[in-house]
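This report concerns only the one structure given below.
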Amino acid sequence: MNFFYLLFSIVGESGGYIFDRLNFKKGRIKFRPLMFFGFLGMIIFVSLFILLTGRPSPAFSWAGLTLMCIIITVSFISNIFDYMSLKADDLSIREPLVDFYPILAGLIAYVFYPAEREPIYILSFIAGTLVVWWGIHRIKLGKVQKKGLLYLLIAVSIYSFLPSLYKQALDYISPEYITLFRVSGILVLVSIFLPFKKRKSLTPKRTFYVALSSMSGSVGVIAGLYAIQAFGVVMTMVFLMLGPAIRYLAGFFILKEKVRRSEVTASLMLSVIVAVTAFIK
């Protein structure tokens, strides 16, 4: 059952990006209303999940509260830059840099959690870094991605600290409530710092994509937290390197983007690295 958490985390996270990009491309939605309604949708889906499964409320602790405040702040800042990048560039163009997220997050956890250190993991991250660098070098990313490059670099750099923070928070709060508190906090901050005119912001098409993205994102986040709880941050991040293959396929078949051969090759190489790591482990 625990390996299903890894699968749902990969598919859910990728689905969130795919539906958000569809909303930018076909729904013509702005990034501010997308953030607001996206996180509102996640609150609804996560709350329904908690009610239907009867999850008990977490006990209050200052340590848990402090960690949640840090997680909300880090998530809010990184999501702003992530949405701005997603609006500016195709999914397939963003992907080589997005691939660095699980690698960087895994390396950060490798430093902070000695119990999770195994030579095969560090070898996987080094190999993954070389593959991602090769993919970026092959498509001359700096020339192709002009608007969203800086946004995405900032988002990935900040976001990579979240999995390690999640691991600490899981000692005090369950995955469902970490997700609920996180998205609720982000929604509050979006309402305060990124206001917009809510009239005419949602059309039926935009609402449809927001609902799919919110549901997919909720599944991905909760499953990812359960995966961290079961396997640790480092191993979970190794398996998240499978995400690029899914997003490249979606970029080509669903979003009708131009996917380059080097990008597909890089994603397949990352999948092989994950497969070899899983076999040895």
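The values are calculated or read from the model by the stated rules, or taken from the named source; none is laboratory data. All values derive from a computational prediction rather than experimental measurement. Every residue, glycine as well, gets a Cβ built from its backbone with ideal geometry; the counts of neighbours run over all protein chains shown.
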If a residue has to be assigned to a helix (DSSP H, G or I) and touching a residue at least 40 places away in the same chain (Cβ under 8 Å) to count, how many in the range 43-68 make the cut?
-> 12
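Can you tell which of 77, 71 is out of contact with any strand residue (DSSP E or B) (no Cβ under 9 Å at 6 or more places or on another chain), surrounded by 19 or more Cβ atoms within 10 Å (Cβ to Cβ) and either touching a residue at least 40 places away in the same chain (Cβ under 8 Å) or assigned to a loop (DSSP other than H, G, I, E, B) (or both)? Give the steps one after another, and end with the answer.
Values: 77 fails: surrounded by 19 or more Cβ atoms within 10 Å (Cβ to Cβ).
So the residue among 77, 71 that is out of contact with any strand residue (DSSP E or B) (no Cβ under 9 Å at 6 or more places or on another chain), surrounded by 19 or more Cβ atoms within 10 Å (Cβ to Cβ) and either touching a residue at least 40 places away in the same chain (Cβ under 8 Å) or assigned to a loop (DSSP other than H, G, I, E, B) (or both) is 71.
Applying the selection to the range 134-171, what residues are in a helix (DSSP H, G or I), polar (S, T, N, Q) and modelled with pLDDT of 95 or more? Quick ask: steps written out before the conclusion?
The initial filter retains those residues of the range 134-171 that are in a helix (DSSP H, G or I), namely 134-139, 141-144, 149-159, 162-169.
From the residues that got through so far, the ones that are polar (S, T, N, Q) too are 157, 164, 168.
Of everything in the range 134-171, those that are in a helix (DSSP H, G or I), polar (S, T, N, Q) and modelled with pLDDT of 95 or more turn out to be 164, 168.
Give me the residue from the range 172-191 that is part of a loop (DSSP other than H, G, I, E, B) and in contact with a helix residue (DSSP H, G or I) (Cβ under 8 Å, 6 or more places away or on another chain) and, out of that set, surrounded by the fewest Cβ atoms within 10 Å (Cβ to Cβ).
Here is the first cut: in the range 172-191, the ones part of a loop (DSSP other than H, G, I, E, B) are 172-174.
Now drop any that are not in contact with a helix residue (DSSP H, G or I) (Cβ under 8 Å, 6 or more places away or on another chain), which leaves 172-173.
Working: 172: 19, 173: 25.
For the range 172-191, the residue satisfying everything is 172.
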Filter the range 25-42 for residues that are assigned to a helix (DSSP H, G or I) and surrounded by 20 or more Cβ atoms within 10 Å (Cβ to Cβ) and give the result.
-> 31, 33, 34, 35, 36, 37, 38, 39, 41, 42
Might you check whether a residue that is at pLDDT below 95 and β-branched (Val, Ile, Thr) occurs anywhere in the range 48-61?
-> yes
Just a yes or no: is a residue in the range 216-232 over 27 Å from residue 45 (Cα atoms) and in a helix (DSSP H, G or I)?
-> no
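Here's the yes/no breakdown for (1) of a type in the set (Val, Ile, Thr); (2) within 16 Å of the chain's Cα centre (by Cα):
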site: 200; (1), (2): no, no
site: 211; (1), (2): no, no
site: 218; (1), (2): no, yes
site: 221; (1), (2): yes, yes
site: 224; (1), (2): no, yes
site: 227; (1), (2): no, yes
Log entry, pairs with first residue in the range 8-20 being assigned to a helix (DSSP H, G or I), second being among the polar types (S, T, N, Q), beta carbons closer than 7 Å, six or more apart or on different chains, reads 12/216; 15/216; 16/213; 16/216; 19/213; 19/216; 20/213
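For the range 192-220, which residues satisfy the criterion of being surrounded by fewer than 14 Cβ atoms within 10 Å (Cβ to Cβ) and either modelled with pLDDT of 90 or more or hydroxyl-bearing (Ser, Thr, Tyr) (or both)? Reasoning before the result, please.
At the first step, the residues of the range 192-220 found to be surrounded by fewer than 14 Cβ atoms within 10 Å (Cβ to Cβ) are 192-193, 195, 197-200, 203-204.
Scanning the range 192-220 gives 192, 193, 203, 204.
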Among the residues of the range 241-281, which ones are under 27 Å from residue 174 (Cα atoms), aliphatic (A, V, I, L, M) and in contact with a Ser or Thr (Cβ under 7 Å, 6 or more places away or on another chain)?
-> 242
